[in-house]
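This report concerns only the one structure given below.
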Amino acid sequence: MFSPYLGTLVRWSLVGATMIALMYGTYKGLRLLKVRREAAVGYALILPWLLGLIIWQAYPILASFYLMFNEYDVLQSPRWIGPGNFKTMFFGDPRFWPSVRLTLGYSFLSVPLGMAGALATATLLSRNIRGVGFWRTLYYVPAVLPAAATALLWRWMFAGQGLINTVLGPVYRLLNIAPLTWFSDEKLVLPSFIIMSFWGVFGANTVILLAALKNVPKELHEAARVDGAPGWTRFWKITVPMISPALFYTLVMGMIGAMQNFTAPLFITTPGGVGTFLSVYIYQQGFTQFKMGYATAIAWFLLVLILLLTLVVFKSSPVWVYYEGEKKGD
């Protein structure tokens, strides 16, 4: 009965026993070096994490930095070609720059629209109405649904005979036009993905902004109301500055997530001329065409692009992010 799993059980048991032995050896070695007992215990306990960091993160990063200057197809040893992958990327790949434009366009449009939608939803959920707990739970559900299932659902909705075209059927007949081919028309690919991104409005960002809204001191709004400030002015002059750190966080994380969008476009085929998202393109080059060196070069390009955009956001934060108690010029 247990024979199919016996080998796996034995291997995992050996790994666990080896890890315990290494932790114990680390503790004993540090104690022999006169390290305090508390410190030795601490280093021994974080040893599994340190090994995981070195083996599964630090080493792959260093290896990928080397591989991006090589031609590597997994089956043969890497062959050094210097900047050849970057020459192909910038000047010889007809799908690279369309993929960059699609990724950047999606990020620049979906992130601010998503933040605005999340803020509007959080504002509605911050009101004390009957059944608000149910609505808060309902609007958080998209954050816990499987991304692959959601992508397949949206692909069906955007299909030629899908839900969206069915709902828009009377409009098509009124305008005497053919149903839209959402993911087949190069002009509609980006708008289609942006519409899909609205699904993420009702999720983690809404919860984060809702928590920030609940922490805005009511005394500030009451004082402004007494002074005759209208609701819209109170929102822009009080609420937005007070929740700006949460907006800053959602902006940074949303931008990074949008630049790395992977699951939905992996299940949706786009026209060759419009490209695809860079994360999907990296996967296609590396694991479909076995161009690991070229895929690694694109991955490093994406990393640098994300770092530059994140740096721009951080540099702009002193202008619009307000931290209570902070003194300008510190």
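Only the coordinates and a few stated rules stand behind these numbers; no lab work does. Quick caveat: nothing in here was measured; it's all calculated off a predicted structure. FYI the Cβ positions are ideal-geometry reconstructions off the backbone, even for glycines, and counts take in every protein chain you see.
Some notes on this structure:
- Only alpha carbons enter this Debye calculation for the chain, each as an equal point scatterer, and the log10 of I(q)/I(0) it gives at q = 0.07, 0.14 Å⁻¹ is -0.48, -1.23.
- Cα principal axis extents for region 68-167, largest first, Å: 66, 34, 27
- Take every Cα pair under 8 Å whose residues are at least 6 apart in sequence, average their separation, divide by the length of region 1-103, and the relative contact order is 13 percent.
- The aspartates and glutamates within cross-link reach of LYS28, meaning a Cα-to-Cα straight distance under 18 Å and a gap of 8 or more places when in the same chain, are GLU38.
- Between the residues ALA297, LEU220, PRO142, the greatest Cα displacement towards the positive end of the dipole of the chain, with unit charges on the Cβ of Lys, Arg, Asp and Glu, is found for LEU220.
- Net charge, GLN284 excluded, C-beta distance under 13 Å - Lys, Arg +1, Asp, Glu -1: +1
- Region 266-330 and region 205-220: distance between their alpha carbon centers, rounded to Å: 29
- For region 3-69, a/c is not less than 1.5, where a ≥ b ≥ c are the root eigenvalues of the C-alpha gyration tensor, and a/b does not top b/c. That puts it in the oblate class.
- Debye-sum result for region 182-330 in log10 I(q)/I(0), which assumes one identical scatterer on each alpha carbon, at q = 0.12, 0.14, 0.21 Å⁻¹: -0.71, -0.87, -1.32
- Short-range pairs are left out: with C-alpha atoms under 8 Å and at least six residues apart, the relative contact order of the chain is 26 percent.
- Between amide H atoms placed 1.01 Å from N, distances below 5 Å from ASN70 occur with ILE81, all of them 5 or more places distant or on a separate chain.
- Sum of side-chain charges, VAL207 neighbourhood, beta-carbon under 14 Å (Lys, Arg +1; Asp, Glu -1): +2
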